[in-house]
Structure formats: structure tokens, C-alpha cells
1. Evaluate the range 268-282: report whether one residue or more is in a strand (DSSP E or B), among the aliphatic types (A, V, I, L, M) and open to solvent by 40 Å² or more (accessible area, probe 1.4 Å).
2. Identify, please: which residue in the range 203-232 is of a type in the set (Ser, Thr, Tyr) and within 30 Å of GLU244 (Cα to Cα) and is, among those, modelled with the highest pLDDT?
3. Any residue in the range 278-289 that's free of Cβ contacts under 8 Å to residues at least 24 places away in the same chain: show its pairings with residues that are of a type in the set (A, V, I, L, M) and open to solvent by less than 30 Å² (accessible area, probe 1.4 Å) at Cβ separation under 8 Å, as long as the two are six or more apart or on different chains.
4. Within the bounds of the range 19-39, is there any residue that is open to solvent by less than 60 Å² (accessible area, probe 1.4 Å), assigned to a strand (DSSP E or B), closer than 26 Å to ALA175 by Cα and modelled with pLDDT of 95 or more?
5. For the range 162-189, enumerate the residues that are open to solvent by less than 40 Å² (accessible area, probe 1.4 Å), more than 15 Å from GLY69 (Cα to Cα) and at pLDDT 95 or above.
6. Residue check: is VAL265 more than 25 Å from ASP111 (Cβ to Cβ), under 25 Å from the mean Cα position of the chain (by Cα) and open to solvent by less than 90 Å² (accessible area, probe 1.4 Å)?
7. If the requirement is being under 25 Å from ARG112 (Cβ atoms) and either open to solvent by 30 Å² or more (accessible area, probe 1.4 Å) or out of contact with any strand residue (DSSP E or B) (no Cβ under 9 Å at 6 or more places or on another chain) (or both), which of these qualifies: GLU285, GLU244?
8. Taking into account only those residues within the range 80-116 that are charged (D, E, K, R) and in a loop (DSSP other than H, G, I, E, B), which is surrounded by the most Cβ atoms within 10 Å (Cβ to Cβ)?
Amino acid sequence: MARSLQVYRSKRDFKSTPEPAPSRPQRQTASQLDRPLRFVVQHHLARRDHYDLRLELDGVMLSWAVTKGPSANPKTKRLAVRTEDHPIAYNDFEGVIPEKSYGAGPVMIWDRGEWAIVGDDPRTAIDEGHLKFTLTGTRMHGRWALVRLKPEGARENWLLVKDRDEFAEPDDSLADRYARSITTNRTFPEIIRGAPDKKSATASKPPSFVQPMLCQTAKRPPPGDGWQFEMKYDGYRMQLAIGEGAIALRTRTGLDWSDRFADVVNSARVLSKVAAFHDTIIDGEAIVFDRNGIADFSSLVTAIGKGGAGVS
């Protein structure tokens, strides 16, 4: 077994914990590093409540315990303590680590997707203590950075920081907005009592993403009859996908922003119960009107931080 997973194994008794036992990891080639790798964030109610950020590299999941959870506010720097590498199979682990075991407490898959290095070799970046990367998840998007602090005994402290990009947010509400598993839709109480997967038991998947038609600039309106014109709203182009008991709200590039517009999704759930709307995609614009009935983009950004309250 590779040295990097020996610590993981030494801390656990796999006869008592449901966590996956490790297998032999493999070093990634240069060409493999050119493709996005997997990442997962697991909310862990252990002795201390925290969120574990794990990035795939060389057949293991590099791991950091992030206090208070990730923040999409670039002004906020979250302490991220480097922990032992975990096996790839840990990406799918959700359940309860029993009492008297290392890390005892419930674990929820809070987010997952793909990550990609910003720069050249991630191993060199980690050795130098400044790793820049992009995340394409359901709840975490865009550019992030992990920055190592000065040594503090045996503990390796880093800071997790959001970059200033289109996915940055003005507050620290990201972690607090989501209390359900990204894979099973369960809360912590439901995970603790072993409730079944709420998504697979009652819902089908919504339709797959369809690339929308985008606007093009022109010097003059098109001639001829049969044309209709509408006002250009200042908002986000969104695609509402409706399945049997399932809803997804996606951006024009296919990112799932259902959690960012929870109010819109909840309002649309009634359509997922109507057979005529199953396997339907509705193309539209998410906007917020001001008191004068004019679309206000800054209010839309604020609304996203509150789960989409007030979005039309």
C-alpha cells in the first residue's frame, strides 16, 4: 500500500466502521492531470462540526478539514487543516461513524464534482503551499485557492479562499444554505436514523441539459412579418428541467443552480407532479424587479445568497 494511505488505515478499524478500506493508489500521468479530477465536500458532525474538502490526486483524495464550511465571499478566509489522505472510494461515503471510532459522528455528502489545477503541476503547488484550482460542483463553482500558513506544531494549517470571479458572493451564507445531502437529499437526522435515499425512492431524473440558443448582435432588426420583440431583462438565463417528481434549474452553460434558486425550484415542484410536464424543459430568465418594475441585477445577486427569495 502507498505510504499516503497508511495513516488512514492506522486510524480505523474496518470491522466496526462503515468507511471504505483503502486500495493501492496510482500516480496520475501528465495527460491525466489535463482532465478535471474529482472532488467531494463532506459535512462531518464529529467532535467538532466541520466540512472535509477532498481533491483527487494520484489515486487518493487529498483532504482538508474546513472550519465553518466553505465561504464564497472572497473577503473571508476559512481555516483548512490538512488531514490524512483518503481513498477514492470515500467519495461515495455517507453514513454514521460509530461511537469510540476515529471521527465518530454522521457524514453527509454536501457537494461533489470536478476540480482542475490553475497552473502547471499541482504537486509543486502543494509543496510550495499555494494551490489554485477551479471547482465545478453543484454548490461550489469557480476559482478557489488553498494557502498554507506557517507551521504550528504537527498541525498543517491552510486557508481556503474564494477568488473574485462571477461565482463570488457578498456574504458567508454558502455553507448555511444547504442542510441536505447532494446525493440522497437527506438531512443529518435522517442519515442518523438510516432513512432511505429520498431522491431514488420517489423521483426520476430531470431531462438532460440542452444547449440553449443564444442572442446575436445585429445592425438592424430583421425584415419581414412573423417577428416578435421583447424587452432585454437584466438577469440570468436559466433552464428549468422537469421530470417525474424531479426538478433542476441550470445555467446557460449547464451548471446546476437549483440550490441557488430554491424558492423557484420549490414553486415549480407542482409541475413535476403533472404527467403533461414530465420530460419538459422551460427556457427563461431569472430576474428581480425593483419597486418600479425594472429588473435589478444587484438585487438578483443578493437574492441568490438567500436561496432565490423574490426571484421571478
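The values are calculated or read from the model by the stated rules, or taken from the named source; none is laboratory data. Predicted, not measured: the structure shown is a model, and the values here were computed from it. All Cβ positions, even for glycine, are placed from backbone atoms using ideal geometry, and neighbour counts span all protein chains on display. Accessible surface is based on the protein model in full, side chains and every heavy atom, while ligands, DNA and RNA are left aside. Shrake-Rupley method; radii C 1.70, N 1.55, O 1.52, S 1.80 Å.
1. Kept after step one, since they are in a strand (DSSP E or B), are these residues of the range 268-282: 280-282.
Then keep just the ones that are among the aliphatic types (A, V, I, L, M); that gives 281-282.
From what is left, the residues that are open to solvent by 40 Å² or more (accessible area, probe 1.4 Å) are 281-282.
Yes - at least one qualifying residue is present in the range 268-282.
2. Within the range 203-232, the subset of a type in the set (Ser, Thr, Tyr) is 204, 208, 217.
Checking which are within 30 Å of GLU244 (Cα to Cα) leaves us with 204, 208.
Values: SER204: 66, SER208: 87.
My answer is SER208.
3. Here the result reads PHE289/ALA295, each pair linking the range 278-289 to a residue that is of a type in the set (A, V, I, L, M) and open to solvent by less than 30 Å² (accessible area, probe 1.4 Å).
4. Looking through the range 19-39, at least one residue is open to solvent by less than 60 Å² (accessible area, probe 1.4 Å), assigned to a strand (DSSP E or B), closer than 26 Å to ALA175 by Cα and modelled with pLDDT of 95 or more.
5. Passing the criteria: only PHE188.
6. Numbers: more than 25 Å from ASP111 (Cβ to Cβ): no; under 25 Å from the mean Cα position of the chain (by Cα): yes; open to solvent by less than 90 Å² (accessible area, probe 1.4 Å): yes.
No; evaluated as a whole, the condition is false for this residue.
7. Numbers: GLU285 fails: under 25 Å from ARG112 (Cβ atoms).
After applying the criteria, what remains is GLU244.
8. First, pick out the residues of the range 80-116 that are charged (D, E, K, R): 82, 84-85, 92, 94, 99-100, 111-112, 114.
Okay, now just the ones that are also in a loop (DSSP other than H, G, I, E, B), so 94, 99-100.
Working: GLU94: 19, GLU99: 8, LYS100: 8.
Among residues in the range 80-116 that are charged (D, E, K, R) and in a loop (DSSP other than H, G, I, E, B), the one surrounded by the most Cβ atoms within 10 Å (Cβ to Cβ) is GLU94.
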